[in-house]
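Just so it is clear, none of the values below were taken in a lab; they were calculated from the coordinates. As the structure is a computational prediction, the values presented were derived from the model and not from experiment. Cβ placement follows ideal geometry from the backbone for every residue including glycine, while neighbour counts extend to all protein chains displayed.
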Amino acid sequence: MHLDFLGSLTRTHMCGDLRPVQAGEDVVLMGWVNRRRDHGNLIFLDLRDRSGITQIVLDRELSGPAHTKAEAARPEFVVAVQGKVRRRSPGLENPNMPTGSIEVLATDLLLLNDARTPPFSPAEDAIVNEEVRLKYRYLDLRRSEMQQNFALRSRVAMAIRNFLVGEGFLEIETPFMTRSTPEGARDYLVPSRVHAGHFYALPQSPQIFKQILMISGFDRYFQIARCFRDEDLRADRQPEFTQIDLETTFPQQSTIFRIVEGFLTAAFATAGVTLSSPFVQMTYDEAIRRYGIDKPDMRLPALVDLSDTLTPDLRSTLKIEPDLPVLGFTIPRVGALSGTGRRALVDEIRAFFGATGLDFLDTTRLRTNPDFQPLAVAIAAKLTAEQIVFSGDPFTTEDLAVVITPKPGTPERWNHDPQWIPKRVGALRLELAKKFADKHKLFEKTGTHNDYKFLWVTDFPMYEWNQEHGTWDAAHHPFTSPHEDDITSGRLVSDKGAVRALAYDIVLNGTELGSGSIRIHRKDVQAEIFRSLGMTDEEAKARFGFFLDALEYGTPPHGGIALGLDRIVMILAGAHSLREVIAFPKTAKAIDLMVDAPTPVSDAQLRDLSLKPL
Ligand code: ASP
């Protein structure tokens, strides 16, 4: 095939730019052949670039050589077109295309490059096989949906940068080749050739560096930072991901909240969403009590504590444990269930709880028995009160009421967790909300800020009990500061389970978008925390000695946060997977199918790195 050179030709417009006002203008467009339709004397090429598509007309009578070349053109050929914009004749307009009222009548066509028949057409919307998409990522990324996702990602990142720079933040890069960072996942290691047997670790986050930048007096740091964590992958995780990472000197929690609300508002605005701030705040304890989870989905009504509707007598008649809480919730607008539907649901709920001791209380049946009718009424009143707070609508027969009771003998703590009952009931609430999502439609976008229920969760516990090892583990990275009064009161030593951290999460629609904390800035407190985590002074010195040293040279109070950029863009793009918003992602098995990584390396390379061949 004869291919043309570009010569000195330059394009005048992008393919998505042209409108009727340009009719009569001479233009040069360049791009890919999206589709070709051959009507003999007339050939239509849909020419595509990042901005959109323009229809090109090649008329054999008017421009014979160009028409001949167009006969050879195929989808994904790269071409340049010279021609004149004209309005389409009435009736031939395409209202579905922004350029649908015009077309370009070609005078010349350059075939700049040919293309093999692609394994799938970038002109199609839905491509079923994700592996094929990832292998031919360059073709997949040509699809308009993907082009839009990355344009959005770029706008979001830019809006965040602009906001933070406006707030006095400096963007500072931190190293990729470093030593183990304390986020608790497995490290990716890089062997050193020069220092046999020594390894760098890729950072799980810039945590220590950003704290050191505060010690260095930079006052406010941010970075759109790549982080690497070698974790067992789930569908919504990637081994390398991007965080909006920031740190500031002398903050209150409210300082951090205002900054994050500011940049999220700016970022969401780029996607046409107006957020209202300040966001709701809730302590961890309240989140567990009212939602049974530390990342409540506020698009659904909260749990309702029904314990005081059940007198000791009622508890004993209904075979309910005398002291443990009875919790309920509603899922609005599920619609009346048939008898069979209801029985199946009860079976499902019982299977969900298994042998834990928790059971479903059938309030519909209670209603039919005069002895229990007052109870049914009291329960309905409480559920209604919560629904009114939630949506303004009272509880009706269209809404599903779920009441969960502990049977006699139900343990007060399950796996040592005093909060296990609200957590299990909270998990059921989410499970049923998912099951009935088509009916209640509360997860569907309405196009208003109500689609985005943001929440700050504060006052997390400082420690988590590790049942397996019988130890208290840090619930966050170990630089998180406890509440000042938990330090002064001595609880740090005497009652670890009660120590609250100055840690906070930002949650959106039941997803944790990011977390951060006020940090420890005193060496004595840091050493105490390492000790309380079971780390000896020697171990702490070996792992974080440089950091403990730095703390001794005038460390200001500081704090920060990191939010997942990939997830934010995914939500704004309405995408269902992080892979839709990461240009070159890995599969769930951590493989890059396009470049085919990871790969074995030669024995010579291994020997250079003082590694033994397998
Ligand atoms: N380094 C933490 C993380 O990656 C965030 C922070 O505390 O700022 O989760």
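Both radii were evaluated on the Cα set of the chain; the Rg over Rh quotient, with Rh as the Kirkwood radius, amounts to 1.05. By definition, a body whose alpha carbon gyration tensor gives a ≥ b ≥ c is prolate when a/c is 1.5 or more and a/b is larger than b/c, and the stretch 245-398 fits this prolate description.
Max-minus-min Cα coordinates of the stretch 302-368 on each principal axis give 33, 26, 25 Å, with the largest extent listed first.
Potential lengthening of the chain between Leu548 and Met14 amounts to 186.7 nm, from the contour at 0.36 nm per residue minus the alpha-carbon distance.
Taking max minus min of the alpha-carbon positions on each principal axis, the stretch 372-503 gives extents of 52, 45, 27 Å, largest first. Only lysines eight or more places from Lys435 in sequence, or on another chain, were considered; those with a Cα closer than 18 Å are Lys445.
Taking the Cα centre of the chain as the origin and placing charges on Cβ (Lys, Arg +1; Asp, Glu -1), which of Ala550, Phe395, His476 is farthest toward the positive end of the dipole? The one lying farthest along the dipole's positive direction is Phe395. Counting only alpha carbon atoms, the long axis of helix 537-551 and the longest principal axis of the chain meet at about 60°.
Residues in the stretch 17-27 carry Karplus couplings, in order, of 7, 6, 9, x, 4, 8, 3, x, 7, 7, 9 Hz; the curve used is 6.51 cos²θ - 1.76 cosθ + 1.60 with θ = phi - 60°, and Gly or Pro positions show x. Taking amide hydrogens as placed 1.01 Å from N in the peptide plane, the amide H of Gln281 sits under 5 Å from those of Trp456, each at least 5 positions away in sequence or on another chain.
Starting from the Cα gyration tensor of the stretch 505-614, take the square roots of the eigenvalues, sort them a ≥ b ≥ c, and report rounded, prolate or oblate (rounded when a/c is under 1.5, otherwise prolate if a/b is larger than b/c, else oblate). Because a/c hits 1.5 or more and a/b fails to exceed b/c, the stretch 505-614 counts as oblate.
Full extension of the chain between Ala351 and Ser307 gives 13.5 nm of extra length, using 0.36 nm per residue less the Cα-Cα distance. Working from the pairwise distances between different alpha carbons, so that the mean of 1/r is found and then inverted, what is the stretch 1-151's Kirkwood radius in Å? When all Cα pairs of the stretch 1-151 are included, the Kirkwood radius is 15.8 Å.
Largest first, the extents of the alpha carbon coordinates of the stretch 198-285 on the three principal axes equal 50, 39, 34 Å. For the stretch 263-335, the Cα gyration tensor yields ellipsoid semi-axes of 38, 14, 8 Å (square root of five times each eigenvalue, largest first, whole Å). Here is the P(r) of the stretch 425-554: all C-alpha pair distances, binned every 5 Å from 0, give 2, 9, 15, 16, 15, 12, 9, 7, 7, 5, 3, 0 in whole percents. On alpha carbon coordinates alone, what is the Rg over Rh value for the stretch 319-425, Rh being the Kirkwood radius? Using Cα coordinates only, the ratio equals 0.97. Roughly what would the spin-label model give for Arg237 and Val280, points 7 Å off Cα along C-beta, in nm? Distance between the two pseudo-spin positions: 2.9 nm. Hey, for a label at Val389 modelled as a point 7 Å past Cα toward Cβ, could you say which residues of the stretch 470-513 have their backbone N under 16 Å away? Counting backbone N atoms under 16 Å from the label point, the list is empty. Seen through its C-alpha gyration tensor, with square-root eigenvalues sorted a ≥ b ≥ c, the stretch 67-154 comes out oblate because a/c lies at 1.5 or above while a/b is not bigger than b/c.
Model label sites at Ser577 and Asn129, defined 7 Å from Cα along the beta-carbon direction, differ in position by 1.4 nm. Checking the Cα-Cα distances for Lys135/Lys589; Lys434/Lys589; Lys295/Lys319 against a 21 Å cut-off, the pairs over it are Lys434/Lys589; Lys295/Lys319.
According to the calculation over all Cα-Cα pairs in the stretch 1-81, the P(r) per 10 Å bin from zero is 17, 52, 30, 1 %.
The length gained on full extension between Thr107 and Ala378, counted as 0.36 nm times the residue separation minus their Cα-Cα distance, comes to 89.5 nm. Each part gets one Cα centre, and for the stretch 29-73 versus the stretch 311-369 those centres are 66 Å apart. Using the Cα centre of the stretch 129-279 as origin and beta-carbon charges of +1 (Lys, Arg) and -1 (Asp, Glu), tell me which of Phe169, Gly184, Tyr138 is placed farthest towards the positive end of the dipole. In the stretch 129-279, that residue is Tyr138.
All distinct Cα pairs of the stretch 423-482 go into the 1/r average, and the inverse of that average, the Kirkwood radius, is 15.3 Å. For the pair Glu167 and Thr488, a Förster radius of 41 Å applied to the C-beta separation gives a FRET efficiency near 0.80, rounded to the nearest 0.05. Cα centroids of the stretch 183-215 and the stretch 542-588: 14 Å apart.
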